[in-house]
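Working notes, structure below.
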Amino acid sequence: MLPGIGVFGTGDIVQALVPFLRTKGFCVEAIWGRTLDAAERVASELNVKFYTNKVDDVLLRKGVDLVFIICQPDLHAQIAVKALGIGKHVLCDRPAGLCQLEVLKMVHAAQYYPTLISVISHGLRFLPAFIHMKRKITDGYVGKVNVCDIRVQCGSMIGSHFDWMCSQLMGGGVLTMIGSHIIDIISFVVGQRAVRVHGMMRTFTKGTDKINGIRWIDSDDFCTFQMILDKGACVTATLNTHIQGSFTQEIIICGTKGRLVVRGSSLFGCQSNSLKEELLYEDTQSPTTNFINNSLSKARLNSLLPNAYIQGLFRMVTALKDAFDSGESEQGWLKEPVSSAATFEDGQYVQAVIDAIKLSSSSRQWEQVMLAHEESELNPLMARLNLPNINQSSLEALSRASTSRVQVPKKGGSVESHLLWGFGSNKH
């Protein structure tokens, strides 16, 4: 039996996701919005009967057993920890939190409730092209992996009004929104994790015709980073949001015997004894792809969650359906359909890499990736990131609040005082 779903979020992705959930037989029981007006508007558009701006109203609602956390990243950890504590399955959007300290609390909650599903929406793991790529690497198609080269080009992620995507403090920026997927999929297909990183983050577009005055954009719109993996492979990635009107992604894995390339959702390969690439898997017009093409019409969604990414998310939803449909164990679901999904532990690793890249962008040096097991281990890192500790009182405030005011820099304040990782500097 499929669980009822509570959705946290009112953005463009939610408006594409809810109709697909229904095609898979899920019942969406509730919508949560940051404000009551936003929740009411989206609930009306999606024909969801119950809407609210109070977290507890969704988590305690009868019939809600699985929550999708698709809201701004600064709320992910707070809602996820509370949902698991109440006994709800959780799918959390990327990135898992604002910093590793937040995600570590999610990891501990998931470990305490092992019979509940707790996964991160890194949907690229479910795309056939990357499944085949991982299998080819395991079978020795490229030999020993030496180099991973990634290029992502897309349009601006900034909308027509100021929101969390404009603020790095609330989790906006190309590194968190696209880079988190890249960091995860490299570790998934290659089987190696980063130990040291070097990164540069920049905000070139600090305002638009509609976002100006006392509010300005400080989330990164360009990022390039390098990673040294634990078995010697090197990774270089460039994320560019200044190519309007299109999304292109190319992930190249080079080894001692050849290379594998995923362009879009198709896989190509070339071994050292050949000069010509061969098509190993072609992305065909599946029913999922057709649904995406028919349901997504907003240009901004192409940047927030491009076709390949949302196709992966939809395939992940299908895997969740299979897990619950096949569930004959005491916990009511089978692990096998979602065994390749990113866990909260994977989310913590991704966040650790993101934190290290942010530190590197500020220090202009190579930084070590530190994966903590206890919160006390993160005290030095939190001090360097200059982020406040997240405590229970903030979660209680979120549950009680009917509205939330966005904190923005005051007019006349210096840029560097607000750009904690030096995004605004032209020096590196």
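The values are calculated or read from the model by the stated rules, or taken from the named source; none is laboratory data. All of these numbers come straight from a predicted model, not from anything done at the bench. No Cβ is skipped: glycine too gets one built from the backbone with ideal geometry, and neighbour counts run over all protein chains shown. Heavy atoms of the whole protein, side chains included, go into the accessibility calculation; ligands, DNA and RNA do not. Shrake-Rupley method; radii C 1.70, N 1.55, O 1.52, S 1.80 Å.
Annotations for the structure displayed:
- Selection of region 130-184 for residues being touching a Phe, Trp or Tyr at 6+ places or on another chain (Cβ under 6 Å) and among the hydrophobic types (A, V, I, L, M, F, W, C) yields C154, M170.
- Extreme residue, nearest to M177 (Cα to Cα), among residues of region 241-262 that are of a type outside the set (G, A, S), over 20 Å from the mean Cα position of the chain (by Cα) and in a strand (DSSP E or B): I252
- Any chance G159 is assigned by the TED database to the domain that holds F268, in a loop (DSSP other than H, G, I, E, B) and under 20 Å from the mean Cα position of the chain (by Cα): yes
- Among residues of region 108-129, those that are assigned to a helix (DSSP H, G or I), out of contact with any Ser or Thr (no Cβ under 8 Å at 6 or more places or on another chain) and surrounded by fewer than 24 Cβ atoms within 10 Å (Cβ to Cβ), counted: 3
- Check on L116, within 18 Å of Q72 (Cβ to Cβ) and in contact with a strand residue (DSSP E or B) (Cβ under 6 Å, 6 or more places away or on another chain): no
- Of the listed requirements (1) surrounded by 21 or more Cβ atoms within 10 Å (Cβ to Cβ); (2) more than 14 Å from L320 (Cα to Cα), P19 misses just one: (1).
- Residues that are modelled with pLDDT of 75 or more, surrounded by fewer than 12 Cβ atoms within 10 Å (Cβ to Cβ) and assigned to a helix (DSSP H, G or I), drawn from region 361-392: S376
- Members of region 263-279 found to be assigned to a strand (DSSP E or B) and of a type in the set (A, V, I, L, M), listed by number: L267, L279
- Taking every residue in region 241-267 that is surrounded by 14 or more Cβ atoms within 10 Å (Cβ to Cβ) and pairing it with any residue that is of a type in the set (F, W, Y) and not in a loop (DSSP other than H, G, I, E, B), at least 6 positions away or on another chain, the pairs with Cβ-Cβ distances below 7 Å are T241/F222; V261/F268; V262/F130; S266/Y281; L267/Y281.
- Subset of region 33-87 (residues that are closer than 17 Å to P3 by Cα and assigned to a strand (DSSP E or B)): F50, V64, D65, L66, V67, F68, I69
- Figure legend. Inter-residue proximity from region 7-24: first residues assigned to a helix (DSSP H, G or I), second residues among the polar types (S, T, N, Q) and crowded, with 23+ Cβ neighbours inside 10 Å, beta-carbon distance below 9 Å, spacing 6+ or different chains. No pairs are indicated.
- Looking only at region 25-58, residues that are among the aromatic types (F, W, Y) and open to solvent by 70 Å² or more (accessible area, probe 1.4 Å) come to 1 in all.
- Boolean, G97 is of a type outside the set (A, V, I, L, M), open to solvent by less than 10 Å² (accessible area, probe 1.4 Å) and closer than 30 Å to R384 by Cα: yes
- Of all the listed residues (R202, R196), the sole one being in the same structural domain as A129 (by the TED database), closer than 30 Å to P128 by Cα and not β-branched (V, I, T) is R196.
- Every residue from region 197-240 that is in a loop (DSSP other than H, G, I, E, B) and crowded, with 19+ Cβ neighbours inside 10 Å: T203, W216, I217, D218, S219, D220, D221, A233
- Considering R61, R34, the condition of being of a type in the set (D, E, K, R) and closer than 18 Å to G97 by Cβ is satisfied by R34 alone.
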